[in-house]
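Undergrad: Got a structure for you, questions after.
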Amino acid sequence: MAGVPVVVVHGGAGDWRVVFEAARREGLDLDEGRVLEAVRAAALAGLEALEGGGSALDAVVEAVRYMEDSGVFNAGVGSALDAAGGICMDAGVMYSEGPRAGAVACVRHPRNPVVLARRVMELTDHVIMCCGHADRLAEELGLEAHPGPSPRARALWSLYKERLAAGSRPASWWNRNSRAARLLGILPGDTVGAVAVDAQGRLAAAVSTGGTTFKLPGRIGDSPVPGAGFYALPGGAAAATGVGEAIMIAGLSLRAVELMRQGVPAGEAGRAALALLERLTGMGAGLILAEPGSAAAVFNTASMPHAIASPALKEPVASIWKPTMIKL
Ligand code: ASP
């Protein structure tokens, strides 16, 4: 089935007002303009891959790689730190052809975990590889090494540490109600993701994250779990963002993709899946979605920076505060 090419990216669901306020207070180089510019450029990087003859898979990997390199989001170079001050990144990709998926969990070595996830899909018989073993694969493949925590990640980590009661044990700093985040008024949802449809109607989804800020060391979220953080089959692709524990319980991305495969347009499928998540877990989240006839970025959190690029649009549509749904 042919498709109108489209790339949708997001920079994470949560309350970005709080993030921007904290950035101003702490003197961090992060504002609305920089975030919008980064999602726009990421969507265009994906579209450029498509226009250069690449597949939907190439497009989502390029878009996510751009955001990992930007340092603006909680992924790749900008990855958030866990409670022990370490980096532990998750990423996943899925391609409608096959269908195939690859993912890495709790890796520290690669600058671009999304590239390693693609390699796991292409080079191994497995879907998810984790920790030191996955890091060794990255080294053997000669993938570029992570430069270490960014100044912004360090500053946010120190802020968390300062504000949490001294002497608390990690298990009480971070529980499934995101207590740590709520204490600070920050839901640290600035993971990144991309979905794409190419001219041949192939679909792909990719995600990458440093995980939730101040998570327990070793915690793995939804981002490397197909069906939870991402999913792509012929007829629909979706990538999720929000508290991974809730997203896994709901199987959020799979539910959205199944609706699109039944003919529900992207925006409606996303809204229905988010409503189900809220009913099941009481949590908000965000989804980007694409199918050969439509694309959308929807959320029931306060905000989710996102952008949509397509030859059907004069220029990318980008927003932080309002959902976007387009017919292709
Ligand atoms: N879903 C990610 C996680 O739980 C966080 C996010 O979306 O920002 O690791």
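Read the figures in this text as sums done on the coordinates, not as results from a lab. As the structure is a computational prediction, the values presented were derived from the model and not from experiment. Cβ placement follows ideal geometry from the backbone for every residue including glycine, while neighbour counts extend to all protein chains displayed.
Undergrad: Can you work out the FRET efficiency for the pair Asp29 and Arg261, with r the C-beta to C-beta distance and R0 = 41 Å, to the nearest 0.05?
TA: It comes to 0.45.
Undergrad: Which of the lysines could be linked to Lys314 by a straight reach, that is with a Cα gap under 30 Å, when you skip same-chain ones fewer than 8 residues away?
TA: Lys322, Lys327
Undergrad: Residues in segment 2-17, backbone N under 12 Å from the label point at Leu313 (7 Å along the Cα-to-beta-carbon vector): list them, ranges by number please.
TA: Flagged as within label range: 6-10.
Undergrad: Also, quick follow-up: Give me, ordered by chain and number, the residues 5 or more places off Ser294 or on other chains with an amide H under 5 Å from its own placed amide H.
TA: Ala266, Leu328
Undergrad: Okay, moving on. Taking only C-alpha pairs under 8 Å that are 6+ residues apart, what is the relative contact order of the chain in percent?
TA: 25 percent
Undergrad: Quick check: residue separation of Glu139 and Glu162 times 0.36 nm, minus the Cα distance between them. What number comes out in nm?
TA: That works out to 4.8 nm of additional length.
Undergrad: Give the aspartates and glutamates whose C-alpha is closer than 16 Å to that of Lys161, dropping any in the same chain fewer than 8 places away, or say none.
TA: Glu26, Asp82
Undergrad: Specify the angular offset, from 0 to 90 degrees and rounded to the nearest 10, of the alpha carbon long axis of helix 151-163 from the longest principal axis of the alpha carbons in the chain.
TA: 50 degrees
Undergrad: Further question: Please state the charge dipole magnitude for the chain, taken about the Cα centre, from unit charges on C-beta atoms (+1 on K and R, -1 on D and E), reported in debye and rounded to the nearest 20.
TA: Magnitude of the dipole: close to 980 debye.
Undergrad: Select from Ser158, Ser96, Val4 the residue farthest towards the positive end of the dipole of the chain; place +1 on Cβ of Lys and Arg, -1 on Cβ of Asp and Glu, and compute about the Cα centre.
TA: Of the candidates, Ser158 comes out farthest on the positive side.
Undergrad: Output the relative contact order of segment 219-320, whole-number percent, from Cα pairs under 8 angstrom with separation of 6+ residues.
TA: Taking the mean separation of contacting Cα pairs over the length of segment 219-320, I get 22 percent.
Undergrad: Still on this model: Between segment 212-246 and segment 271-314, how far is it from one alpha carbon centroid to the other, in angstrom?
TA: Between the Cα centre of segment 212-246 and that of segment 271-314, the gap is 14 Å.
Undergrad: Could you state the angle between the C-alpha long axis of helix 113-123 and the longest principal axis of the C-alpha atoms of the chain, as a value from 0 to 90 degrees rounded to the nearest 10?
TA: 50 degrees
Undergrad: Determine, for Lys215, Lys314, the number of other Cβ atoms within 10 Å of each Cβ, and report the residues in order from fewest to most.
TA: Ascending Cβ contact count within 10 Å gives the list Lys314, Lys215.
Undergrad: How far, in nm, would the chain grow between Ile249 and Glu278 when pulled straight, counting 0.36 nm per residue and subtracting the alpha carbon separation?
TA: Contour length minus Cα-Cα distance gives 9.3 nm.
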